[in-house]
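Please read the structure below before turning to the comments.
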Amino acid sequence: MRFSAKFVKSWAYISMAVTVLVIVFLFAYVFFMGSGAISLAFITEMPRGAVLGSEGGIWPAIAGSLWFTGTALILGGIPALATAVCLVFYCKDKRIYNFIRSVIQSIAGIPSIALGLFSYSLLVRTMGIGRCVLAGGIALAIMIFPFIEVRIEKALNEIPRALILSSYALGISHSYTVTKLVLRAIRGELVSGLILGACFAMGATAPIIFTGGVAYAAPPDSVMQPAMALPLHLYLLLAQGTTMPQVYGTAFVLMIIVLVSNTVATVYARREKHTWK
């Protein structure tokens, strides 16, 4: 037993070390390959030149990614929170619960390219919305909905049942208990799940290609305008194959945004959980 425990512990440490080394190597390699293109002007300027990415910067792609991600977070995060609360506190019928869980699992298994084609067919062509941030945000919202819902539902189920029953025993209503006690208790996991969902949406390319992503698009002023996005910009640059330093520079900016967002989500979740305990 002692040998098995030591072996498992050693294997866990080795696995963590290998994972960290791979991540560090990946960031270092991408930065090294794109260091010639990365600068303040590269981040803040508009793209120029006959060939996309040959001159100028990627600011419209950064701004567009924020627009797409924010729209997806609103359209996907709010229904995910409502669904999780409903399943945990209000859904008493086991058949309805299993049906909703099956739908959520089915949505989670849909390829992002299929979501992009569906949104293009329904929103862009049939409903006539056109290629815009809203169409892309809806496609991304569908993609991240199960991702966020599962994490929120897990956090809700970790709340001590005795605490909730004590609130009910004092005559406090279900709605007040959920909004003032439960949601405050899981705010760390809630914010963490939303940020991680936003990172998931920011890195998606396929839904944006068909719905709202347009090359050389300026930073949008509303959700009814098309926009550029970092993953789409990266895809177009790589397809050209003529501006490889800019490809790695764009990839590094996207990786840094996702890394910082994940770090903030993890730190905030741990701090709030520690405060709650």
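Only the coordinates and a few stated rules stand behind these numbers; no lab work does. In this text the structure is predicted, and so the values were computed from the model without any measurement. Note that we place each Cβ from the backbone using ideal geometry, even for glycine, and neighbour counts take in every protein chain shown.
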### Message
Please enumerate, by chain and number, the aspartates and glutamates with C-alpha under 19 Å from the C-alpha of LYS92, excluding those fewer than 8 residues away in the same chain.
### Response
GLU149, GLU153, GLU158
### In sequence order, calculated HN-Hα J values of the stretch 103-112 (Karplus, 6.51, -1.76, 1.60; Hz; x Gly/Pro)
5, 4, 5, 5, 4, 5, x, 6, x, 5
## Note on the structure
Here the gain from full extension of LEU40 to ARG184, 0.36 nm per residue of separation minus their alpha-carbon distance, amounts to 47.9 nm
### Ranking of LEU117, LEU52 by count of other Cβ atoms within 10 Å, fewest first
LEU117, LEU52
### Reported label for calculated volume of the Cα convex hull per residue in Å³ given (1) 130; (2) 184; (3) 114
(2)
### Query
Label-point separation (nm) for ARG270 and SER4, each offset 7 Å from Cα along Cα-to-Cβ?
3.0
### Query
Around GLY56, which amide H atoms from residues at least 5 apart in sequence, or from another chain, sit under 5 Å from its own amide H, with H modelled in the peptide plane?
ARG48
### Summary
Counted neighbours (other Cβ, 10 Å), sorted fewest up, put PHE147, PHE25 in the order PHE25, PHE147
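If contacts are Cα pairs under 8 angstrom and at least 6 residues apart, what is the relative contact order of the stretch 72-146 in percent?
Working: 52 pairs, mean separation 42.2, N = 75.
Computed value for the stretch 72-146: 56 percent relative contact order.
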### Summary
Within the chain, excluding any GluC sites (Glu not before Pro) found in a DSSP loop (not H, G, I, E or B) and having at most 15 other Cβ atoms within 10 Å, the longest uninterrupted segment runs 159-277
### Query
Quick one: Karplus J couplings for the stretch 183-191, per residue in order, coefficients 6.51, -1.76, 1.60, θ = phi - 60°, nearest Hz, x for Gly and Pro?
5, 5, 5, 9, 4, x, 5, 5, 5
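Calculate the FRET efficiency for THR19 and ASP221 from the Cβ-Cβ distance with a Förster distance of 51 Å, rounded to the nearest 0.05.
For R0 = 51 Å, the calculated efficiency reads 0.75.
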### Query
Just how far, in whole angstrom, is the stretch 81-146 from the stretch 204-228 if you go by their alpha carbon centroids?
20
### Query
Quick one: if the Förster radius is 35 Å, what FRET efficiency do ASP93 and ALA169 give, using the C-beta to C-beta distance and rounding to 0.05?
0.90
### Query
How far, in nm, would the chain grow between ALA12 and ARG161 when pulled straight, counting 0.36 nm per residue and subtracting the alpha carbon separation?
50.4 nm
#### Entry: Neighbour-count order for TRP59, TRP67, fewest beta carbons within 10 angstrom listed first
TRP59, TRP67
## Note on the structure
Simple SL model, points at 7 angstrom along Cα→Cβ for ALA114 and ILE100; separation in nm is 2.3
### Query
Gain in length, ALA28 to ILE256, computed as 0.36 nm per residue apart minus the alpha-carbon separation, to one decimal in nm?
80.9 nm
### Length-normalised contact order of the chain in % [C-alpha pairs under 8 Å, at least 6 apart]
28
